[in-house]
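Q: Got a structure for you, questions after.
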């Protein structure tokens, strides 16, 4: 509570006691005024004058480094004041100095400190206090040269003669004259230095002459020498070991002679394509060569082949064609072009008309080559000829085709059999790695005859292809003209070659199971058991793991024997 607040309270109490106050202001009103609003002079006269709030208040802070303020009589507070100037003398004995924050200190600067030291000490002002510090330098030691050490002048002759070692241009050496001990200071790393005229840089106190020497020849196929920092010379480089990885000039491996090359052996040239032959070319520049393998080489699952360096699908299809003689034009059902090639897997003919048997003049089923010799893509004619002497008998026909793999070669052989009893003759050389199969055959007499034996067979023997053919009647003297179209299939696409010879005669027709999934005919023989006969049905088909054969007349009682040869394809 201030003095003014106390005065106001006393005035209010006085008014209550004498009932002279009509209105009393709230605490904090001006105690020098009446409630009625009389002026200051009247009020002062009525109550005996103004109240002095500074009575008993002292503004002296007892600090010689401050200027004291004055008391405000209205508030009783000290106001004004400040700091005396810096370096004003202070203290009981006048030995102190005022500083810039109003404190009386021993000193503000060294010059204010009284010095009582020696030649090896000096006064210093620190944090307002005077103190003595040791200094170095020369001094007089009993009339002899001395040196300051720990504030004392001592004999300097311990470093004379100078015994400290010279450790080179990158170490500064010095001697403590008081103790005679040596001190060494390394120069900063990177500072230039020289030894015997060779320039270098300081490193860990040594002049490194390798600082500006580069032993790297920028070759990944050499092991760089190292620089001797005492001489600046590089050790001898050596070649990196063979097959060390590198990537210079497009190479991948070091050749062991300091050069980065593409390869050192064929295994490093594997491009992951089984349809290319990978090799490392020799010579001054070893490079990988990836040449396409021969077209038709097996790849992938075994039903794919390489074509121009790429593995493409070559899965083989089966096809069955059928119709009547009226569907044919001169025995031709269709002409096909393109790369597909078909082998003969079966044929069947049946003369139409009840109670009619025929002698056979011509038998011509198959997929025939139109241009000979040919290459893949040559045109193929599908023929189904079954003629008697009149050449007008209607018949139905069926042909079974087996697609042949890539790399197949097609050929044809024809001739004339003068005596009609058949023959076995060589027709061509058999290339290594090839297997012959039938495309089609054409047997044609001058006139029709009853049938006794029909045989067409391709035989591989002693590197030759032999053709055995028979188109015979009972007399065995009827000449005939023949043509056989055949193909040579890559052996790697042939699962097996096999045959079946029925051990007993059959009547009319017969079906026998065979172990083959994609068979194509290599040959067959159908023979009347009791001599020649006119026929109604004639055929042999390899379908669905079965071999079916027919030699029959209208009575369905003809007895015959038969054999079949085939190649099962992959």
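Q: Could you tell me whether residue 461 is within 60 Å of the chain's Cα centre (by Cα) and modelled with pLDDT under 95?
A: Answer is yes for this residue.
Q: Oh, and also: Name the single residue that is surrounded by the fewest Cβ atoms within 10 Å (Cβ to Cβ) among those in the stretch 522-537 being in a strand (DSSP E or B) and at pLDDT below 95.
A: 527
Q: Let me ask you something else. Hey, could you check the stretch 357-394 for residues that are assigned to a loop (DSSP other than H, G, I, E, B) and modelled with pLDDT of 75 or more and say which is surrounded by the most Cβ atoms within 10 Å (Cβ to Cβ)? I'd like the intermediate steps shown before the answer.
A: Residues of the stretch 357-394 assigned to a loop (DSSP other than H, G, I, E, B): 357, 359, 370-379, 388-394.
Now narrow it down to the ones that are modelled with pLDDT of 75 or more: 357, 359, 379, 388, 393-394.
Details: 357: 17, 359: 18, 379: 13, 388: 20, 393: 15, 394: 13.
By that ranking, first place goes to 388.
Q: Those residues that are surrounded by fewer than 17 Cβ atoms within 10 Å (Cβ to Cβ), modelled with pLDDT under 85, out of contact with any helix residue (DSSP H, G or I) (no Cβ under 7 Å at 6 or more places or on another chain) and not in a strand (DSSP E or B), I need them from the stretch 177-212; list them, please.
A: Scanning the stretch 177-212 gives 196, 197, 212.
Q: Now a separate question. Restricted to the stretch 97-114, and to residues that are surrounded by fewer than 13 Cβ atoms within 10 Å (Cβ to Cβ) and farther than 16 Å from residue 85 by Cα, which residue is farthest from the chain's Cα centre (by Cα)?
A: If we take residues in the stretch 97-114 being surrounded by fewer than 13 Cβ atoms within 10 Å (Cβ to Cβ) and farther than 16 Å from residue 85 by Cα, then 114 is farthest from the chain's Cα centre (by Cα).
Q: While we're looking at this one, here's another question. Of the residues that sit in the stretch 64-76 and are crowded, with 16+ Cβ neighbours inside 10 Å and at pLDDT 90 or above, which one is farthest from the chain's Cα centre (by Cα)?
A: 71
Q: Being surrounded by fewer than 17 Cβ atoms within 10 Å (Cβ to Cβ) and under 25 Å from residue 404 (Cβ atoms) is the filter here, so list the residues in the stretch 275-292 that pass it.
A: 292
Q: Another question, if that's okay. For the stretch 308-331, which positions are surrounded by fewer than 16 Cβ atoms within 10 Å (Cβ to Cβ) and part of a strand (DSSP E or B)?
A: 310, 312, 313, 319, 320, 322, 323, 324, 329
Q: So in the stretch 37-56, with the set limited to residues that are within 22 Å of residue 77 (Cβ to Cβ) and surrounded by 16 or more Cβ atoms within 10 Å (Cβ to Cβ), which one is modelled with the highest pLDDT?
A: It comes out as 54.
Q: Give the number of residues within the stretch 283-307 that are in contact (Cβ under 8 Å) with a residue 12 or more places away in the chain and not in a loop (DSSP other than H, G, I, E, B).
A: 11
Q: Name the residue that is farthest from the chain's Cα centre (by Cα), counting only residues in the stretch 395-410 that are modelled with pLDDT under 95, under 23 Å from residue 295 (Cβ atoms) and in a strand (DSSP E or B).
A: 410
Q: With the structure loaded, tell me whether residue 569 is touching a helix residue (DSSP H, G or I) at 6+ places or on another chain (Cβ under 9 Å) and either closer than 22 Å to residue 441 by Cβ or in contact (Cβ under 8 Å) with a residue 40 or more places away in the chain (or both) or whether it fails that test.
A: Details: touching a helix residue (DSSP H, G or I) at 6+ places or on another chain (Cβ under 9 Å): yes; either closer than 22 Å to residue 441 by Cβ or in contact (Cβ under 8 Å) with a residue 40 or more places away in the chain (or both): yes.
When the stated conditions are applied, residue 569 passes them.
The values are calculated or read from the model by the stated rules, or taken from the named source; none is laboratory data. Predicted model only: the values in this text are computed from it and were never measured. All Cβ positions, even for glycine, are placed from backbone atoms using ideal geometry, and neighbour counts span all protein chains on display.
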